[in-house]
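Okay, so here's the structure we're looking at.
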Amino acid sequence: MSGDAIRIGISACLLGERVRYDGGHKHDHYITGTLGDYFEFVPVCPEAAIGLGIPRPTIRLVGEAEAPRVLGVRDARLDVTEKLIAFGKEMAPKLHDLRGYIFKRSSPSCGMERVKLYTEQGMPNGQSVGVYAREIMQANPLLPTEEEGRLGDAGLRENFIQRVFVYDRWLRMVDAGLSSRGLVEFHTRHKTMIRAHDEIAYRELGRLVAEAGKRDLVALAEEYVSRLMATLKKPATRTKHSNVLMHLMGYLKQQLDSADKQELIETIDEYRAGRLPLIVPIVLLRHHFRRHPNEYVADQYYLDPHPRELMLRNAL
């Protein structure tokens, strides 16, 4: 495996592996055909891994949402709860180099959220989290996670992949040697991206970074990245994006003539109103900054947070 590969954990059935309870798969062509060009997938099927076999009896979550049991649908004496928990605890530390995880929705082992929960009598009893997925997420709270079904939503898809690339940059910075200067530079390059998610968190993170050199660096970095990843998980809205776009336009106020300024303002307003996708004002800003370079803006990840070929902002 290449040292530069961005590794993503994934439910094995989504790659086309025939590991489902019925011997089938849930091959997701967007994941393998598009994301596969940029990520190296690490497939896991916990149900097969604990020896349930292929094909196997169907299982479901039963009991309380916070601590459900995983029991056989036809024979409740089949209880694989402890095996799935143990497998999750075993795998969690082995996945330390992952930058994200894509889970299979609705699965009693891998579902990230809203997995059907039943009473012992087989009646619907609310929703819970897949037992294996819970162990992975609890052990790796910074890890960007998503379900394959939710990747069909343009906003959730872009948000997840953006977080994967941010987390990758963070881990590479830490691996290269954490320093106060490196932390400040990392934050500086992500400033406009953070503002598009939460203006208040942006200011709080700035104050936190200002403490670099004044307190324990490791503790400071852990607090920073925890707040950062939680902030980026919040959806960036059209209004917040528009505010950031106008902010970036401010770096061109001395360079653009009145006609160019008006065109840019109108384009941002059209995006804000929902009549244009985000990529349109982004491309226009890139055009102007190519003609009038700005060192600060050139260092910002906001205008290019992920490979352009993914076209993630074309549908936002």
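Taken together, the values in this text are just the output of simple stated rules run on the coordinates, not laboratory data. Keep in mind it's a predicted model, so treat the numbers as computed, not measured. Every residue, glycine as well, gets a Cβ built from its backbone with ideal geometry; the counts of neighbours run over all protein chains shown.
Worth a mention:
- Helix 258-272 axis, angle to the chain major axis (alpha carbon atoms, nearest 10°): 20 degrees
- Antiparallel DSSP beta bridges within the chain, as percent of all bridges there, nearest 5: 40 percent
- Those lysines that a straight Cα-Cα span of less than 21 Å connects to K233, excepting residues fewer than 8 apart in one chain: K104, K191
- Using alpha-carbon coordinates, inclination of helix 154-177 to the longest axis of the chain, degrees: 80 degrees
- Under 14 Å, Cβ to Cβ, from V297 - net charge with Lys/Arg +1 and Asp/Glu -1: +4
- Cut-off 13 Å between beta-carbons: net charge of the residues surrounding F87, Lys and Arg +1, Asp and Glu -1: 0
- Projecting the Cα atoms of G51, L14, T32 onto the dipole axis of region 8-60, where Lys and Arg carry +1 and Asp and Glu carry -1 at the beta carbon, places G51 farthest toward the positive end.
- Sequence-separation-based contact order of the chain, relative, with Cα cut under 8 Å and 6+ spacing, percent: 13 percent
- Between E270, E295, E40, the residue with the greatest mean-square fluctuation in the GNM of the chain (Cα pairs under 10 Å linked by springs) is E295.
- Distant-in-sequence amide contacts of G149, defined by a placed amide H-H separation under 5 Å and a gap of 5 or more residues or a different chain, comprise R105.
- Angle of helix 217-233 to the longest C-alpha principal axis of the chain, folded into 0 to 90 degrees and rounded to 10: 90°.
- Considering only the Cα atoms of the chain, their convex hull presents on average a projected area of 18.6 nm².
- Computed over region 105-173: relative contact order in percent, which uses C-alpha pairs under 8 Å that are six or more apart: 24 percent
- Each Lys and Arg contributes +1 and each Asp and Glu -1, all at the Cβ; summed about the Cα centre of region 170-316, the dipole is approximately 140 debye.
- Long-range amide H partners of I10 with built H, under 5 Å: V42, V44, I102
- Under the convention that each Lys and Arg Cβ holds +1 and each Asp and Glu Cβ holds -1, the size of the dipole of the chain around its Cα centre is about 280 debye.
- Ranking of V73, V164 by neighbouring Cβ atoms within 10 Å, starting from the fewest: V73, V164.
- Region 58-184, relative contact order in percent, only Cα pairs under 8 angstrom and at least six apart counted: 23 percent
- Residue-averaged 222 nm ellipticity for the chain, from DSSP H runs of 4+ at -39500 (n - 2.57), nearest 500: -13500 deg cm²/dmol
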